[in-house]
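A short worksheet on the structure shown next.
The values are calculated or read from the model by the stated rules, or taken from the named source; none is laboratory data. Note that the structure is a prediction, hence the values are computed from the model and not measured. Here the Cβ is made from the backbone with ideal geometry for all residues, glycine too, and neighbour counts use every protein chain on show. To get the accessible areas, we keep the full protein, side chains included, count just its heavy atoms, and leave off ligands, DNA and RNA. Shrake-Rupley method; radii C 1.70, N 1.55, O 1.52, S 1.80 Å.
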Amino acid sequence: MKKTAIASVLASVLVAPSAFAAGFDGFGVGLDMHLKSTGADLTSTFTGADFNDKETESLGGDQNVAAGIDLNYGFMLTSEVLVRVGATATFGTQEIEESSISSVSNFGGQISTFNAKGTVEESDHYSVYIAPGLRVTDNTFVYGKLAYHQMELDLKGSTTSTDSFGTVSDSFSSGESFSGIGIGAGVETRLTDNLFLSAEVQHVRYGEETIDSGTVGAGTTFTDKVEPSSTIGTLGLAYRF
C-alpha cells in the first residue's frame, strides 16, 4: 500500500508539468484584432544626360484596425521553454493614404473645374513566424517573434475635368507586392483550460519595390520606388487543443 501511494505521488509530480505544458503547446487557432500603423517612403528619381535628382516623400502613418486569423503549433523544448511556429492572415483592406486636390478656373467667363483623388491601400497581408518563449508563471507565457511578411499596396487614382464642352473622367489603379521581416514580442495568459488571451507588438520592414517608371521629356527618365514599414499591435484570443 505504501509503495502504491508513493508511486502515485511521484507520478503526479512528474506528470503535472507536462500536463500543464500541453495547454501552451500543441495546435491552436486564434482570432486577432490588429491596430496597424503602416507608412511608406516614396522615392522619385529623375535622370537626364547630366543630372540625377532624387526626392523622397513619406506616405501614410495613420492607424487602422483590422481583424485576422492565426494558426500555430507549439512544442516544448523543456518544461519551461516552448517554441511555436505559425501563419497569419489579415482580412480586408486598410487605407494607408488618401489625398485630393480641386481647382476652379475662369477664363473670360468660362468656368472650368478640375478634381483629382488618390488612395493607397494595404491588402492581402500574410505572415509565417517562429516564436520561442518561456513560461514565467503557471498561467503566463512570454515570447519573442521573428516573422516573414507579405502584403500588397494598391494605388488608385481618378481625375475629373469639367468645362463648357462637358466632363472628362479618367482613372487608374496598380498594385505591387512587398515582402519583409518582422520582429516583435508578446505575452499570453490562460483564461480557461483551452482559452488563451495574448497581446503583442511587432515592427515590420519591407523591401523596396519599383511601382512606376518611364520617360518625361526628351532624354529624361523617372523611377518611383516605395519602401513600406508597419508597426502592429495585436490582441488575440486563441483556442488550444
| Where Lys and Arg each count +1 and Asp and Glu each count -1, what net charge lies around GLY182 among other residues with Cβ under 11 Å from its Cβ? | +1
| In a shell of Cβ-Cβ distance under 15 Å around ASP53, excluding ASP53 itself, what net charge do Lys and Arg (+1) and Asp and Glu (-1) give? | -2
| query | Between ASN52 and TYR126, 0.36 nm times their residue separation minus their Cα-Cα distance comes to what? | reply | 23.0 nm
| request: Would you mind counting up the charge near THR234? Only other residues with Cβ under 12 Å from its Cβ, with Lys and Arg at +1 and Asp and Glu at -1. | output: -2
| message | Just to make sure I understand: if all protein chains stay in place, what is the order of VAL168, VAL83 by accessible area at 1.4 Å, largest first? | response | VAL168, VAL83
| task | Using label points projected 7 Å from each Cα along Cα→Cβ, tell me how many nm separate PHE27 and VAL168, to one decimal. | result | 6.0 nm
| request: Determine which aspartates and glutamates satisfy two conditions relative to LYS36: a Cα distance under 18 Å, and not lying fewer than 8 residues away in the same chain. | output: ASP62, ASP70, GLU95, GLU97, GLU98, GLU121, GLU122, ASP124, GLU152, ASP154, GLU200, GLU227
| task | Whenever you get a sec, line up ILE111, ILE69, ILE183 from highest to lowest accessible area (probe 1.4 Å, protein heavy atoms). | result | ILE183, ILE111, ILE69
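Whenever you get a sec, line up THR159, THR56 from highest to lowest accessible area (probe 1.4 Å, protein heavy atoms).
Most to least solvent-accessible, the answer reads THR56, THR159.
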| query | Using a 1.4 Å probe, how large is the accessible area of VAL104, given in Å² and rounded to the nearest 10? | reply | 110 Å²
| request: Among the aspartates and glutamates, select those whose C-alpha is under 12 Å from the C-alpha of LYS225, and discard any that sit fewer than 8 residues away in the same chain. | output: ASP41, GLU55, GLU57, GLU176, GLU208, GLU209, ASP212
| Efficiency by 1/(1 + (r/R0)^6): what FRET value for THR45 and ALA199, r their Cβ-Cβ distance, R0 = 45 Å, to the nearest 0.05? | 0.65
| field | In Å², nearest 10: area of THR45 left accessible to a 1.4 Å probe | value | 30 Å²
